[in-house]
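Have a look at the structure below before the remarks.
What follows is calculated from the coordinates using simple rules that are stated; it is not laboratory data. This is a predicted model, so every value here is computed, not measured. Here Cβ is always computed from backbone atoms with ideal geometry, including for glycine, and neighbour counts include all displayed protein chains.
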Amino acid sequence: MESGKHGIDGISPKPVTEIFKAADLQIEMAQTSAKKPDPNQLVFGTSFSDHMLMIQWTAARGWERPQIKPLQNLSLHPAVSALHYSVELFEGLKAYRGVDNKIRLFRPMLNMQRMLQSAIRSCLPVFDPKELLECIRKLVEIDREWVPYSNAASLYIRPVFIGTEPSLGLKITTKALLYVILSPVGPYFTKGTLDSVSLWADPKYVRAWKGGTGDCKVGGNYGASLYAQSEALAAGCQQVLWLYGDEHNITEAGTMNLFLYWINENGEEELVTPPLDGVILPGVVRQSILDLTRKWNQFKVEERSVTMKELVNASKQNRIKEMFGSGTACVLCPVSQILYQGKNLHIPTMENGLKLTSQLFENLADIQYGKMKSDWTLLVV
């Protein structure tokens, strides 16, 4: 980089560091440890571990050495671009305490690669996904006692990347902060694991659009969804079923990817989920479900669009078997009802015994908690 070769008046500046390395980690241990919550009483995302990872970046100096420090508040100028123009992104993955008491991460490299793509789309600096993953692994190792001793709970890992340049100009940021915090969590929904939800489908709101950032994990996608979520609750539904286009294509449900298990119009048993066309977030659990079911080879597995018209027709003809959402936070969430155009569309997921949903949930849990050997997990300690 030219800025790393020549300085002002013959003075050579510090070379720009293109990537940070886990081998350069600086660690400052907390003097005391906070009280750990009861794993049976966890409220999602409200308790936090003792330490955090912080990595600073500037255009002038590049990446600074990564640091693990005691959990602390951030000090930010009120004009930082993350607060004004949403120059920020985040990720979500989990660490699980296995039946052998070993701690594992579930397919973490998929999260790191998705985070890198989100950074590129947000014009934030790039990084080496492997180095970030090793920094996170070390952070989890240090706070390993925060991974719940439970097969119904886990440690949620939240990497965040924000623009921190103090300027009101809309431009590519020259300062950024990447940090990671940890939170022990139980089931995402208060009703519990594998309890069904109802969806509110109204095409007047969209979660994302082609050419936008729907395939990136940026905060703007989520904060902007709250108004529609409030209307869903007012209508007696728990989540929004996001539709797109004139044909009312089904996309996602709340913050989840969506799957439909049915007999399609050709009479074939099929599991279908919307394609990664720029509107859909490439979920890690979504990909895992596709990989598992394709390996089973028990029914047709497709990534393609399904419209509400097709779903309504399938309901009238009793061709729907199950519908469920998927995501890191909830893992799997059955769907039992959709409110669409003033009518309740019954989805017989629960009546049909949750056969596929339960099988997938158990398979994923067996891998995550170490009951089944898999190259999908990374051993932390």
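Numbers at a glance
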quantity	calculated
Nearest-0.05 FRET efficiency for Phe90 and Glu351, computed from C-beta distance (R0 25 Å)	0.10
Tilt relative to the chain, helix 355-368 - C-alpha long axis, 0 to 90 degrees, to 10	20
Equivalent ellipsoid dimensions for segment 210-306 as semi-axes, Å, which come from the Cα gyration tensor, largest first	25, 16, 13
Given charges at Cβ of Lys, Arg, Asp, Glu: segment 2-186 dipole, positive-most of Ile68, Gly98, Phe48	Gly98
Dipole in debye (nearest 20) - the chain, about Cα centre, beta carbon charges: Lys, Arg +1; Asp, Glu -1	400
In range of the label at Met372: residues from segment 263-296 whose backbone nitrogen is under 13 Å from the point 7 Å along Cα→Cβ	288-296
Amide H contacts under 5 Å for Arg107, placed H, 5+ residues apart	Thr377, Leu378
Amide H partners (placed H, <5 Å) of Ile27, local residues excluded	Ile68
For Trp262, net neighbour charge (Lys/Arg +1, Asp/Glu -1) across residues whose Cβ lies under 10 Å away	-4
Segment Asp128-Lys204, extension gain: residue separation times 0.36 nm, minus the distance between their alpha carbons	23.4 nm
Overall dimensions of segment 33-80 as given by Cα atoms, namely Rg and Dmax in Å	15.4, 48
Segment 197-372 - charge dipole about Cα centre, Lys and Arg +1 at Cβ, Asp and Glu -1, debye rounded to 20	160
Mean Cα-pair separation over length for the chain, i.e. relative contact order, pairs under 8 Å, 6 or more apart, %	18
Reduced Cα scattering model of the chain, Debye log10 I(q)/I(0), q = 0.15 Å⁻¹	-1.39
MRE, 222 nm, helices only [DSSP H, n ≥ 4, -39500 (n - 2.57), over the chain, to nearest 500]	-6500 deg cm²/dmol
Pairs beyond 31 Å (Cα-Cα), from Lys102/Lys217; Lys102/Lys175; Lys35/Lys371; Lys295/Lys321; Lys309/Lys373; Lys102/Lys300	Lys102/Lys175; Lys309/Lys373; Lys102/Lys300
Net charge of neighbours whose Cβ lies under 11 Å from the Cβ of Asn313, counting Lys and Arg as +1 and Asp and Glu as -1	+1
Gained length - Ala22 relative to His77, 0.36 nm times residue gap less alpha-carbon distance	17.0 nm
Point-charge dipole on Cβ atoms (K/R +1, D/E -1) for segment 72-228, about Cα centre, debye to 20	260
Local electrostatic count at Val147 - Lys and Arg +1, Asp and Glu -1, tallied over other residues with Cβ under 12 Å	+3
Paramagnetic reach from Glu302 (point 7 Å along Cα→Cβ, amide N under 14 Å) across segment 225-267	250, 260-267
Degrees, to the nearest 10: 108-121 long Cα axis against longest axis of the chain	70
Contour excess over end-to-end distance, with Cα ends at Ile172 and Arg158 and 0.36 nm allotted per residue	2.7 nm
Euclidean distance between Cα centres, segment 78-108 to segment 191-268, Å	22
For segment 197-372, convex hull of alpha carbons as volume per residue, Å³	115
Calculated P(r) of segment 37-192 - Cα pairs past 25 Å, %	33
